[in-house]
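First comes the structure, then the notes that go with it.
Coordinate-derived values only; no laboratory data. Keep in mind that this is a model prediction, so the values were computed, not measured. No Cβ is skipped: glycine too gets one built from the backbone with ideal geometry, and neighbour counts run over all protein chains shown.
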Amino acid sequence: MADLPLSGIRVLDFTWAWAGPFCTMQLAHLGAEVIRVETTARPACVTRLIPPFADDVPGPNRAGYFNQYNQGKRAITLNLTKPEAIEIAHALVKHVDLVVDNYAAGVMDKLGLGYDKLRGIKPDIIMASLSGYGQTGPYKGFVGYGPPASAAAGMFFGTGYEGGDPGEIGVSYPDPNAGIFGAFAIMAALAHRALTGEGQYIDQSQLETALVLMPEGLLQYDLAQREPERHGNHDVVMAPHNCYKAAGDDEKWVSIAIGTEAEWHSLCGAIGQPQLAADPRFKTAALRKQNEAALDQIITAWTSPRDRWDSTRILQGASVAAFPSMGNKDLAEDPHLAERGYLVQLDHPEVGKRIHAGIPWKMSGTPCAVRKPAPLRGADTEEVLKSLLGFTLDRIEQLRKAEVLI
């Protein structure tokens with residue numbers, strides 16, 4: 001894999017839950033050798049324990065959540081409650097470029113795996129800690145998951161319908177967002193090391209990476225000292241801008257957004273009502289916003305008897321931004337994603353062939369590909385310890401009996 005961007009880079013992966021594995025999956029996609037460290041001495045990575053499971057049969061190797069976000073990695077078992085396991089981790093650090101974790105602040109230090117210890121072993125090591133609230137500050141000891149980070153970052157406060165209460169955004173968005181931020185920061189650190197020979201420590205806060213997604217709310221309070229209002233699917237300026245009912249069950253909707261006068265005129269023609277463009281209620285964006293309720297009723301009357309895809313094709317044909325609200329089944333069967341190679345079939349050793357979300361970028365000079373499915377728990381323990389540390393099978397068996405490699 002010499003043509004991949006991170007060929008030759010090796011990662012020791014102590015991550016769990018979503019943000020951390022999502023980060024290191026990007027590195028694996030880019031060609032790095034990612035060795036994730038797990039143990040059966042305590043509950044497994046939460047993503048091994050929660051549904052959906054393949055064929056609805058629970059098992060640590062059958063969780064779709066884990067198998068999606070750990071594509072392309074290797075896995076070893078290492079019981080970090082044992083001093084011998086910490087020694088093995090120290091020995092492995094000599095052979096890696098990166099160490100990544102997303103435990104709460106201070107956990108890696110308590111284990112004897114903090115940055116000061118690791119750079120004493122390998123001076124140019126790069127370490128990234130993707131904690132909930134960062135390694136400093138009054139919140140540093142708080143347990144962090146994506147949903148509380150959404151609330152802490154103001155996402156829930158700004159989400160909801162007009163006149164309603166704050167609403168959950170429906171997905172733990174700060175998790176993958178933090179993972180992507182972490183991957184970018186690591187790439188910058190690798191570039192810096194290539195130029196200077198210096199390693200570094202990346203202290204990333206999931207809360208802070210979520211906050212950068214909320215500039216409008218922060219700026220509104222800073223400039224006008226008032227909280228942003230909740231608008232549902234409406235926009236502050238653009239109108240029409242909403243999700244409109246389509247023919248079919250309660251899950252069938254089509255989203256339409258108009259950003260320019262030309263698009264507004266095109267929409268009027270596409271729905272067979274060109275006279276609306278001259279209607280005094282709708283002649284400007286400001287007037288359309290003032291009369292948004294009436295405008296939404298007119299558009300819903302056009303979309304509601306039509307299939308969502310029929311409405312999409314008609315409007316897209318008129319250069320109007322429109323698209324169905326997609327469910328999981330829609331996405332898994334989407335022909336566009338399939339043709340671009342984003343949906344990939346991976347043959348997992350326990351659950352067989354399954355569809356996975358693949359790589360959302362294409363690079364002409366260094367094309368990347370999903371190389372293999374997520375690992376079975378501990379599948380690479382022997383090979384990694386033999387090849388990197390020179391352990392014999394007898395020693396590995398002794399360590400297993402001593403519950404160091406479990």
At q = 0.15, 0.22, 0.26 Å⁻¹, work out log10 I(q)/I(0) for region 326-406 with the Debye formula, treating every Cα as an identical point scatterer and leaving solvent out; two decimals please.
-> -0.73, -1.02, -1.21
HN-Hα couplings for region 82-95 via Karplus (6.51, -1.76, 1.60; θ = phi - 60°), in whole Hz with x for Gly/Pro, come out as 9, x, 5, 5, 5, 4, 5, 4, 4, 5, 5, 4, 4, 10
For Lys140, the lysines lying under 27 Å Cα to Cα, once residues fewer than eight places off in the same chain are dropped, come out as Lys82, Lys110, Lys117, Lys122
If you average the sequence gap of Cα pairs under 8 Å that are 6 or more apart and divide by the length of the chain, what percent do you get for the contact order?
-> 19
Once you have all Cα-Cα distances for the chain, histogram them in 10 Å bins from zero and send the whole-percent values.
-> 4, 18, 25, 23, 16, 9, 4, 1, 0
Long-range amide H contacts for Ser172: which residues qualify at under 5 Å (H placed 1.01 Å from N, peptide plane, sequence gap of 5 or more or a different chain)?
-> none
Starting at the first residue of region 377-391, write each ³J(HN,Hα) from the Karplus equation 6.51 cos²θ - 1.76 cosθ + 1.60 with θ = phi - 60°, in whole Hz, x for Gly and Pro.
-> 4, x, 4, 10, 4, 4, 5, 5, 5, 6, 6, 8, 10, x, 5
With 27 Å as the limit, write out which pairs from Lys289/Lys362; Lys73/Lys353; Lys353/Lys401; Lys252/Lys372 have Cα-Cα distances beyond it, or answer none.
-> Lys289/Lys362; Lys353/Lys401; Lys252/Lys372
Given the options Lys122, Lys252, Lys329, state which has the largest fluctuation in a GNM of the chain using a 10 Å cut-off (strictly under) for Cα springs.
-> Lys329
Candidates Leu98, Leu343, Leu287, ranked by Gaussian network fluctuation over the chain, Cα under 10 Å, top entry | Leu287
Do any chymotrypsin sites (Phe, Trp or Tyr not before Pro) in region 261-367 lie in a DSSP loop with no more than 16 other beta carbon atoms within 10 Å, and if so, which?
-> Trp361
Could you pull the Rg and Dmax for region 181-295, using just the Cα atoms, both in Å?
-> 22.3, 67
Does anyone have the angle between helix 308-317 and the longest principal axis of the chain? Alpha-carbon axes, 0 to 90°, nearest 10?
-> 80
Please list the non-local residues whose amide H lies under 5 Å from the amide H of Gln200, H modeled 1.01 Å from N, same-chain partners needing a gap of 5 or more.
-> Ile126, Met127
Counting pairs of alpha carbon atoms under 8 Å apart in space and at least six apart in sequence, what relative contact order in percent does region 139-261 give?
-> 24
In sequence order, calculated HN-Hα J values of region 100-105 (Karplus, 6.51, -1.76, 1.60; Hz; x Gly/Pro) = 10, 9, 9, 6, 5, 3
Residue-normalised 222 nm signal for the chain, counting each DSSP H run of n ≥ 4 as -39,500 (n - 2.57), nearest 500 deg cm²/dmol, is -10500 deg cm²/dmol
For Ile9, enumerate residues with amide H under 5 Å from its amide H, sequence gap 5+ or separate chain, H modeled in the peptide plane.
-> Glu33
DSSP beta bridge pairing in the chain, given as percent antiparallel to the nearest 5 = 40
Separation of the Gln273 and Ala379 label points, Cα + 7 Å toward Cβ, nm | 5.6
Report, to the nearest 10°, how far helix 261-270 tilts away from the longest principal axis of the Cα atoms in the chain, using its own Cα long axis and a range of 0 to 90°.
-> 70
Working from Cα positions, state the angle (0 to 90°, nearest 10) between the long axis of helix 19-29 and the longest principal axis of the chain.
-> 80
